[in-house]
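Reviewing the structure listed below.
Every read-out reported here was derived from the displayed coordinates using simple, explicitly stated rules and does not represent laboratory data. What you see is a predicted model; the values in this text were computed from it and never measured. Counting neighbours? That spans all protein chains shown, and the Cβs are built from the backbone with ideal geometry, glycine included.
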Amino acid sequence: MHMMKQHSKLRGLVAGTIGLALILPSLVLAEEAGTPTTRANFCTSIDKHSERVSSGITDREGKYASKRGERMTKLDERYKERDTKRSEHRSEWDTKRDDWREKLNAKATTTAQKAAVAKFIADIDAAVAVRRTAVDGAVSAFRSSIDKAIKDRQAIVDTAIAKFKSDTDAALAKAKADCASGVAPKTVRETYVAALKAAREALKGAVKSLEKRQDALKPIAEARKAAVEKAVADFKAAVEKAKLELKNAMVSS
């Protein structure tokens, strides 16, 4: 379940950017559906087009940045929530372990039995410490890998967005230059719309490629799972060994 939520977080970070790639369709469709008069006057309205495109990009980019920040905040909150629950669980277990120590010590009557109980308690405490260190290490490594995966994807996304904006700016600059050079408005418009479509598709392609990299998270989850399972198995083995030693010591004394 925990890993599924991490997948969801990363998919959300990617999905927000895909939305940025879709800000132009309405503009492009409007251009294509325009009347002959509108098309003929394309050069006289190029500044309006430029403003609409720039405003659309800025608005979508701002929303994406906001959502990305919100998702990262929620991820951090989930980490803290899990840390708190783990800490509370350990505190409860420690309290029960204190009661358990008292009962064990009460059963020891001879010097040998007291020594055996003391060793048993020390062995269990050591096993608990080792298990907790191993689990904490696994969690820390897992989160570091997840954070790196998110940052790597964000870097790819940011690069794709920067290129998209650059391509869009270049398309607008060329359209204005062509208009100033006396190129037919219809030709200018067609070239401009084609450039916008190409920029949009390039961004969509770059972002879509991230979805194919989601499988890279699987080894991260598997590594954490294996580390935790080993910590638990080692703990159980240590407890069984300590119990057997205590049992033999109590019988012989």
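At-a-glance table
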quantity	calculated
Cross-link table Lys165/Lys208; Lys114/Lys230; Lys107/Lys243; Lys151/Lys204; Lys151/Lys208; Lys96/Lys119, entries beyond 21 Å C-alpha to C-alpha	Lys114/Lys230
Val251/Asp125 FRET efficiency (R0 30 Å; Cβ-Cβ; nearest 0.05)	0.85
Ala177-Leu217 pseudo-label distance in nm [points 7 Å out on the Cα-to-Cβ vector]	4.3
18 Å Cα-Cα reach of Lys247 towards aspartates and glutamates, excluding residues that sit fewer than 8 places from it in its own chain	Glu102, Asp123, Asp125
Note, ³J(HN,Hα) from phi for segment 182-198, Karplus 6.51, -1.76, 1.60, rounded to Hz, x at Gly and Pro	x, 5, 4, x, 4, 5, 4, 4, 4, 5, 5, 4, 4, 5, 5, 4, 5
Order of His49, His89 - criterion: other Cβ atoms within 10 Å of each residue's Cβ, fewest first	His89, His49
J(HN,Hα) series, segment 80-90, from Karplus relation 6.51 cos²θ - 1.76 cosθ + 1.60, nearest Hz, glycine and proline x	5, 5, 5, 4, 5, 5, 5, 5, 5, 4, 5
Net lengthening on full extension, Asp234/Ala170 (0.36 nm per residue, minus Cα-Cα)	16.9 nm
Residues Ser181, Ser209, sorted so that the one with the fewest Cβ neighbours within 10 Å comes first	Ser181, Ser209
